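The values are calculated or read from the model by the stated rules, or taken from the named source; none is laboratory data. Fair warning: this is a prediction, and the values are worked out from it, not measured in the lab. Counting neighbours? That spans all protein chains shown, and the Cβs are built from the backbone with ideal geometry, glycine included.
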Amino acid sequence: MNGAHALLATMRANLVTTCFANPGTSEMHFVAGLDEVPEVRAILCLFEGVATGAADGYARVTGTPAATLLHLGPGLANGWANLHNARRARVPVLNIVGDHATYHARFDAPLQSDIAAVAAALGGWHRRCERPDDVAGDAADAIGAAYGPPGAVATLILPADASWGELSAAPDAWPVARRASAAAPDERDVARATELLRSKRAALYVGGSALDTHQLGLAQRIAQATGARVIMETFPSIVDRGAGVASPERLIYLSEFAISQLRDLEALVLIGTTAPVGFFAYPNVASQLVGDGCELLNVAPPGTDTRCALEAIVEELDAAALVVAPGERPGTPSGALTAQSFAAAVGATMPEDLIIADESNTSGLHLYGATQFAPPHRLMTLTGGAIGFGLPVALGAAIGSGQRVLALESDGSMMYTPQALWTMAREGLDVTVVGLSNRSYAILTLERQRVGAMSDGSTSQRMLDLDDPALDLCAVASAQGVPSTRVTSADELVSALQRSYATPGPTFIEAMLPKGLGN
């Protein structure tokens with residue numbers, strides 16, 4: 001039995017049974033070992049950023065880690081952006097990176113690099129296996145570190161000789177990871193939070209692990225009892241939504257508007273997230289979004305038991321039962337395809353238990369309101385801001401949940417990781433992809449204005465346009481084996497969505513929106 005077998009057996013013992021892989025020479029013994037461990041499902045991805053994003057999506061919907069399998073330092077670098085998103089989502093990922101044999105490193109072969117330094121930049125756990133006998137214990141430690149809490153990217157660096165080398169003896173049982181429990185909130189913080197919520201113009205600021213149906217209901221009960229507001233972080237990892245689910249305000253992305261949104265608050269009680277700050281710096285705009293006179297109280301930082309914190313505040317307040325305001329989902333739109341009618345089409349056609357991976361960016365400005373009273377569903381967003389997450393996260397969510405996933409993907413972001421479509425086709429996944437074609441990096445048009453970098457020149461504008469030549473998103477999807485169609489009106493989009501939900505396997509819909517911002 002070699003080190004690769006030990007790794008796979010330890011994964012199986014810890015119920016890490018999905019691996020998103022883009023392997024190379026150094027990982028071939030792991031690949032060969034898959035034939036002997038059928039409990040581990042290996043899924044081939046054509047780009048490392050797809051593998052890492054898929055592991056993120058899998059963890060968001062299951063709460064448990066999938067593994068990645070990447071090839072040396074360049075493979076890790078290719079997958080790093082979506083590992084960054086997973087880190088910001090605080091989800092567990094077992095990130096396996098193959099390396100040169102230990103004795104080969106001194107020759108500085110072309111693919112030699114400092115893998116540990118790249119892994120360390122993710123801020124999580126990382127370790128290099130030195131011997132085949134170390135692999136199982138190191139793997140169990142990595143899985144335990146991935147669980148946190150909060151969840152983290154744990155990188156296990158596996159040299160080729162640690163993988164192919166024989167164990168001195170197989171253990172009687174494979175090690176099981178030690179998993180820590182989430183910390184309980186401090187009782188003094190709970191008491192202070194209750195006081196602030198009762199006596200001040202206050203809000204609960206919720207995120208992270210606090211966004212399931214039950215905990216959103218607890219937050220709403222607190223608001224009912226105190227008159228406080230409930231505000232959700234702009235880009236949650238995953239949040240329960242839909243009819244019958246308490247729907248918090250969402251912090252506005254634009255700093256100027258978010259500052260106005262929070263301006264009147266005297267206290268902000270944080271549950272499961274960190275203090276709100278601007279996504280970027282802008283001239284003459286504050287980076288911290290709450291005013292200097294607003295008291296910040298972090299009752300349940302990430303890694304704390306958010307449910308326990310909310311239940312304790314509810315108990316202190318003796319809060320009444322939850323009341324969720326009723327409402328109607330949008331009617332099916334017709335006519336021109338705009339940002340508004342696109343959002344209405346999504347809200348009007350959604351089936352129950354849908355999972356949405358939202359990378360619609362500027363085209364999706366109206367989605368949050370349009371889906372509030374749709375059937376219960378879950379929404380995943382771009383936690384770390386590194387674009388190219390939508391298709392891979394949808395892929396991983398479909399594998400992890402076995403449910404229908406709707407990926408809302410802007411054209412510029414889609415071109416970062418279109419290879420995910422091939423894996424969706426290969427695995428026969430029930431994923432509906434709407435590719436939003438506005439032929440521009442519309443968000444950058446807005447950002448250029450906000451930072452004051454305006455110019456009338458054609459050269460700078462050409463850096464933001466995607467229509468010379470125009471992208472043919474349908475052709476990209478078809479080339480990956482996904483049936484595709486193009487729609488130019490709201491009526492056509494409604495029909496295409498309904499057909500897709502009724503059809504097993506992946507479907508791609510290219511939605512033609514007006515060019516640029518303001519569509």
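Per-structure values
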item	result
Any chance G396 is in contact with an Asp or Glu (Cβ under 8 Å, 6 or more places away or on another chain) and either of a type outside the set (A, V, I, L, M, F, W, C) or part of a helix (DSSP H, G or I) (or both)	yes
Odd one out for M380, checked against (1) touching a Leu at 6+ places or on another chain (Cβ under 9 Å); (2) on the phi < 0 side of the Ramachandran plot; (3) not aromatic (F, W, Y)	(1)
Residues satisfying the stated conditions in region 474-491, i.e. in contact (Cβ under 8 Å) with a residue 60 or more places away in the chain and within 28 Å of G331 (Cβ to Cβ)	V487, T488, S489, A490, D491
Meets criteria (of a type in the set (V, I, T), out of contact with any strand residue (DSSP E or B) (no Cβ under 8 Å at 6 or more places or on another chain), without any contact (Cβ under 8 Å) to a residue 40 or more places away in the chain and surrounded by fewer than 19 Cβ atoms within 10 Å (Cβ to Cβ)) for T503	yes
Residue check, S401 among the polar types (S, T, N, Q) and buried (at least 22 other Cβ atoms within 10 Å of the Cβ)	no
Cβ-Cβ under 9 Å pairs, at least 6 apart or on other chains, region 361-381 side among the aromatic types (F, W, Y), far side part of a helix (DSSP H, G or I)	Y368/A343; F373/G347
When residues of region 48-93 are limited to those that are among the hydroxyl-bearing types (S, T, Y) and not in a helix (DSSP H, G or I), the one surrounded by the most Cβ atoms within 10 Å (Cβ to Cβ)	T68
The lone exception for F279 - which of (1) crowded, with 18+ Cβ neighbours inside 10 Å; (2) closer than 29 Å to A183 by Cβ it fails	(1)
Residue that is surrounded by the most Cβ atoms within 10 Å (Cβ to Cβ), among those in region 233-269 that are of a type in the set (K, R) and under 24 Å from the mean Cα position of the chain (by Cα)	R241
Residue in region 426-472 that is modelled with the highest pLDDT, counting only those that are more than 30 Å from V482 (Cβ to Cβ) and hydrophobic (A, V, I, L, M, F, W, C)	V451
Which listed residue is crowded, with 22+ Cβ neighbours inside 10 Å and either closer than 30 Å to V61 by Cα or in contact with a Gly (Cβ under 8 Å, 6 or more places away or on another chain) (or both), from G303, G272	G272
Residue match in region 482-489 (condition: surrounded by fewer than 19 Cβ atoms within 10 Å (Cβ to Cβ), in a helix (DSSP H, G or I) and modelled with pLDDT of 95 or more)	no
The one condition in (1) within 12 Å of the chain's Cα centre (by Cα); (2) under 16 Å from V50 (Cβ atoms) that A398 fails to fulfil	(1)
Region 1-20: number of residues that are touching a His at 6+ places or on another chain (Cβ under 9 Å) and assigned to a strand (DSSP E or B)	1
Candidates R90, R131, filtered to the one that is farther than 28 Å from I387 by Cα and out of contact with any strand residue (DSSP E or B) (no Cβ under 9 Å at 6 or more places or on another chain)	R131
The one condition in (1) touching a strand residue (DSSP E or B) at 6+ places or on another chain (Cβ under 7 Å); (2) over 20 Å from R439 (Cβ atoms) that A511 fails to fulfil	(2)
Qualifying residue in region 103-126 (condition: surrounded by 24 or more Cβ atoms within 10 Å (Cβ to Cβ) and not in a helix (DSSP H, G or I))	no
Subset of region 309-364 (residues that are more than 21 Å from the chain's Cα centre (by Cα) and assigned to a strand (DSSP E or B))	A336
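Okay, residues lined up against (1) closer than 30 Å to L379 by Cβ; (2) among the acidic types (D, E); (3) assigned by TED's automatic domain parsing to the domain that holds G385:
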{"site": "L34", "(1), (2), (3)": "no, no, no"}
{"site": "V40", "(1), (2), (3)": "yes, no, no"}
{"site": "L44", "(1), (2), (3)": "yes, no, no"}
{"site": "D56", "(1), (2), (3)": "yes, yes, no"}
{"site": "L72", "(1), (2), (3)": "no, no, no"}
{"site": "V91", "(1), (2), (3)": "yes, no, no"}
{"site": "A116", "(1), (2), (3)": "no, no, no"}
{"site": "A121", "(1), (2), (3)": "yes, no, no"}
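Each row is one residue, and each column tells you yes or no for (1) surrounded by 21 or more Cβ atoms within 10 Å (Cβ to Cβ); (2) more than 25 Å from the chain's Cα centre (by Cα); (3) farther than 20 Å from A89 by Cβ.
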{"residue": "V190", "(1), (2), (3)": "yes, yes, yes"}
{"residue": "A193", "(1), (2), (3)": "yes, yes, yes"}
{"residue": "R201", "(1), (2), (3)": "no, yes, yes"}
{"residue": "Y205", "(1), (2), (3)": "yes, no, no"}
{"residue": "T213", "(1), (2), (3)": "no, no, no"}
{"residue": "L218", "(1), (2), (3)": "yes, no, yes"}
{"residue": "I222", "(1), (2), (3)": "yes, yes, yes"}
